[in-house]
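The values are calculated or read from the model by the stated rules, or taken from the named source; none is laboratory data. Note that the structure is predicted; figures quoted are calculated from it, not measured. Cβ coordinates were reconstructed from backbone atoms using ideal geometry, including for glycine residues, and neighbour counts include every protein chain displayed. These area figures cover heavy atoms from the full protein model, side chains too; ligands, DNA and RNA do not enter into them. Shrake-Rupley method; radii C 1.70, N 1.55, O 1.52, S 1.80 Å.
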Amino acid sequence: MKFRILAVITFLLLSYALYQGMWAAPREATMGEIQRIFYYHVPSAWTSFLCFFANFIASVVYLARRNLKADAFAVSTAEVGVVFCTVVLVTGPLWARPVWGIWWTWDARLTTTLVLWLIYVSYLILRRYSTGQATPTLAAALAIFGFIDVPIVYMSIRWWRTQHPQPVIAGGQGSGLDPRMWQAVLWNWAAFMAFAALLIWVRYRLERARQELDEAHALRAVGQAEGSFTR
Amino acid sequence: MSSLAAVTASNLRKDLRLEWRSKDAVNAMLFFALLVVVIFSFAFDPTAEESRQIAGGLVWVAFLFAAIVALNQAWMRELRNQVLDAYRVSPAPANALFLGKALGNFLFICAVEALLMPLFVVFYNLRSVGPAWQLVPVFLLGTWALVVVGTFFAAISLHTRSREVMLPLILFPISIPALLGMVEATTMVLTGIETPAFWISLLVVYDVVFTTVCLLLFETVLHAE
Amino acid sequence: MYAIFGDNGAGKSTLLRVICGLARPTAGTIHIFGSRERSDFTARLGYMGHAPLLYDEMTGMENLRYFAGLYGIGDNARCQQAIVAVGLDPALTRHVGEYSQGMRQRLSLARAAIHDPEILLLDEPFSNLDPGSARAMGRLVAEMRDRSKTILVVTHQAAHLADIADESLWMAAGRIAAWERGITAADRAAASAVLS
């Protein structure tokens, strides 16, 4: 029931945010309609960062308490985070091509986001390839490394890029934003957060079901073998 | 504390002895890095001036790939005959195993670097414009950065299918800032345009932070079942 | 001294691995010497695994020196004694990789007992041994028992433990199915039936 309520709220928020982004917010003077991709790009970025943060917390909790629920939460947030991070990396170049004239530039924020994406994809690959009951522990350890790495990545890449001439000036669109544009950004963010929460919920329930199934299988195997042992 | 130092030393001694007898890791690393040197030279065909610009990248990519070979070997030795189990049932501190292994890998990779650097200099006609002694701290810090996280992740990949493939997949993304630091610092020394101070301090930060994290988490990973 | 029997996959080896902390129990806890903290009892447990748990590229003495170090024993003479006690020559320069199966098993036992533990866990000490070596191994285990150690032996070959086991446990499907004193003729027959 709670799940349905969240689903309905998400749907309403997404619709209203679409209206906000596409019609209510004014047309940007120099960039034109293409600027509206910004309402999807930025909220996705914020959402994915929050997902990765939640993944870090869940991983620490897992290592401290050995609670499988924390592990299920960690998988869900990492997967959803990677999805939103992918949206960021796809919408970025789509916007950059007409506005900057190039698809990609190795500037600090882009590169950090790309590295972030790489780190969490490697986390998902580790989960996929690792065997046995050690998976949650190993994945949690990697998640902690990954999260601690992010500020170091950001520092290093910022320095790397300020040392060289910037190929493109990233016009600070964050600075002089029209209040109605802000409104559109925030509505979209709320909608995306609700959507992410919904996805995480579904994924979490799936992962819990898988864990319980595994446990039941193990117990049943013991039970069956016991039944056969009547000498 | 004294037992940590003593057991670390005995682990290191054991790893050096085993490597000395089999020479598996060092031989494979040397030949591998040599191949990379030769192949890069075909691929880029640089002049002396160009090679000074790209040498930092070439050297470190070669050593990075070579290090993967050594890191994979290091734990394989403990899996044969399931010797690792004997360590796990003993009261010896887990971090002593980690430190011994990391120091061993560090020495092997440093040895390979020392042997191959002259070759790089010859093949690419390198001559450093900046003060060449600065390369020493860059190489020591950079190698430790690769080795400490690499040794830890190699222990993680022990529990995975196709573990030799797994190590680079999880190690490279995390190592990106360290790699950037090594490459930039080396290039700066070679071209002599700027001082590598920032990159050296970045490597110091990276080394300190991740050595700490490794020591905090290794026991958990060693006993993960 | 306890002998533990059971079909393949009954959980005999797992029982030993759980006791010495190599595996986590699915449910329940293990109390040893009144404690469930691993660090309280690891030094008082000795474990001989199914695999040799020795480095192939080192000599017997080098192996023992290393493993003794893990228990904080830096004493050369003690390692030599341990090697002599299992009937090997401490001066042997051959690497363990070139040992025969019988020698390797004996060295493996010496490794498990190097720190004079109160509880010894032996996983298949008689596997792949010729009858002579197996008898020698049986004598070694009996000697340890006589030095008032608690020994748990997992094996298929009940015959080797005929005179020395005090109690025998039958395991099936991860549980202890039967518990008897001594080894009965029926046990011996059943154990060899499992083998064949």
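Remarks
- Unmet criterion (only one of (1) over 15 Å from the mean Cα position of the chain (by Cα); (2) surrounded by 15 or more Cβ atoms within 10 Å (Cβ to Cβ)) for residue B:66: (1)
- Which numbered condition residue B:122 fails, given (1) open to solvent by 50 Å² or more (accessible area, probe 1.4 Å); (2) within 22 Å of residue A:115 (Cβ to Cβ); (3) away from every other protein chain (no Cβ under 14 Å); (4) among the aliphatic types (A, V, I, L, M): (2)
- Residue, nearest to residue B:159 (Cα to Cα), within segment A:146-155, restricted to residues that are buried (at least 23 other Cβ atoms within 10 Å of the Cβ) and not acidic (Asp, Glu): A:146
- Residue A:12 open to solvent by 80 Å² or more (accessible area, probe 1.4 Å), among the aliphatic types (A, V, I, L, M) and at pLDDT 85 or above: yes
- Test: residue in segment A:122-145 that is open to solvent by less than 40 Å² (accessible area, probe 1.4 Å), more than 30 Å from residue B:219 (Cβ to Cβ), at pLDDT below 90 and not in a helix (DSSP H, G or I): no
- Where helices (runs of 4 or more DSSP H) fall entirely within segment C:67-149, those with at least 2 residues that are within 14 Å of another protein chain (Cβ to nearest Cβ) and either crowded, with 17+ Cβ neighbours inside 10 Å or within 15 Å of the chain's Cα centre (by Cα) (or both) are at C:101-112.
- Output for segment B:104-116, where each listed residue is more than 10 Å from the chain's Cα centre (by Cα), touching a residue at least 24 places away in the same chain (Cβ under 8 Å) and open to solvent by 40 Å² or more (accessible area, probe 1.4 Å): B:111, B:115
- Segment A:19-47, residues that are free of Cβ contacts under 8 Å to residues at least 60 places away in the same chain and assigned to a helix (DSSP H, G or I): A:19, A:22, A:23, A:33, A:36, A:37, A:41
- Residue in segment B:42-54 that is within 29 Å of residue C:115 (Cα to Cα) and of a type outside the set (Lys, Arg) present: no
- Among the residues making up segment C:13-37, a single one is facing another protein chain (nearest Cβ under 9 Å) and not in a loop (DSSP other than H, G, I, E, B): C:17.
- On inspection, residue B:151 does not qualify as away from chain A (no Cβ under 11 Å), out of contact with any Lys or Arg (no Cβ under 9 Å at 6 or more places or on another chain) and touching a residue at least 12 places away in the same chain (Cβ under 8 Å).
- Checking each residue in segment C:22-66 for being touching a residue at least 12 places away in the same chain (Cβ under 8 Å), surrounded by 23 or more Cβ atoms within 10 Å (Cβ to Cβ) and of a type in the set (Ser, Thr, Tyr) picks out C:47, C:55.
- Filtered by the rule that a residue be at the interface with chain B (Cβ under 8 Å from one of its Cβ atoms) and in contact with a Leu (Cβ under 6 Å, 6 or more places away or on another chain), segment A:136-149 gives A:141, A:142.
One line per residue, one yes/no per condition, for (1) surrounded by fewer than 21 Cβ atoms within 10 Å (Cβ to Cβ); (2) within 19 Å of the chain's Cα centre (by Cα); (3) within 25 Å of residue C:96 (Cβ to Cβ); (4) of a type in the set (S, T, N, Q):
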site: B:41; (1), (2), (3), (4): yes, no, no, yes
site: B:46; (1), (2), (3), (4): yes, no, no, no
site: B:70; (1), (2), (3), (4): no, yes, yes, no
site: B:79; (1), (2), (3), (4): yes, no, yes, no
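- Scanning segment B:178-225 for residues that are in contact with a Gly (Cβ under 6 Å, 6 or more places away or on another chain), open to solvent by less than 10 Å² (accessible area, probe 1.4 Å) and facing chain A (nearest Cβ under 7 Å) turns up nothing.
- Matching residues in segment B:156-177 - criterion: being open to solvent by 10 Å² or more (accessible area, probe 1.4 Å) and either over 22 Å from residue A:133 (Cβ atoms) or assigned to a helix (DSSP H, G or I) (or both): B:163, B:164, B:165, B:168, B:169, B:172, B:173, B:176
- Residue count, segment A:76-135 (criterion: within 11 Å of chain B (Cβ to nearest Cβ) and of a type in the set (D, E, K, R)): 2
- Residue A:76 passes every criterion in (1) in contact with a helix residue (DSSP H, G or I) (Cβ under 7 Å, 6 or more places away or on another chain); (2) surrounded by fewer than 16 Cβ atoms within 10 Å (Cβ to Cβ) apart from (2).
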